[in-house]
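Here the structure comes first, spelled out in structure tokens, and everything after it is commentary.
Quick note: the coordinates plus some simple rules give every number you see, no bench work behind them. Since this is a predicted model, take the numbers as computed values, not measurements. Here the Cβ is made from the backbone with ideal geometry for all residues, glycine too, and neighbour counts use every protein chain on show.
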Amino acid sequence: MSFEGTKPPATAESTDHTRLTDLLLELCPIDPPPIDDDLLLIADLGFDSLGLLELVTAMEVEFDLTEVPEEEALEIETVGDLRRLLDGSTTA
């Protein structure tokens, strides 16, 4: 039996990361470059502090996360930080 040309099954983590990327693209205030973990949410993607809080709130709803305190949300700087937040909340 050959599996050439088939994709491996998606893991929950890869699916969540894809959903997070889609959410970023939906809420990004500019036409974003390709999304990678090193992108700065404010400098590279054009989010301001209010936009960042809206993004984190949208993540809480989309991924059923516990509420992230505002002070903690405002310390998130990169796409990688968002992924770590998501991964830390889903690996309990």
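Name every residue in segment 37-56 that is among the β-branched types (V, I, T) and over 12 Å from L82 (Cα atoms), in order of residue number.
I42
Specify the residue that is surrounded by the fewest Cβ atoms within 10 Å (Cβ to Cβ); the eligible residues are those in segment 62-88 that are of a type in the set (V, I, T) and more than 17 Å from D37 (Cα to Cα).
Result: T66.
Of the residues that sit in segment 33-61 and are surrounded by 13 or more Cβ atoms within 10 Å (Cβ to Cβ) and β-branched (V, I, T), which one is farthest from R19 (Cα to Cα)?
So the residue we want is I42.
Mind listing whichever residues of segment 40-68 are of a type in the set (D, E, K, R) and touching a residue at least 24 places away in the same chain (Cβ under 8 Å)?
E54, E62
Please count how many residues of segment 59-92 are in contact with a helix residue (DSSP H, G or I) (Cβ under 6 Å, 6 or more places away or on another chain) and of a type in the set (G, A, S).
1
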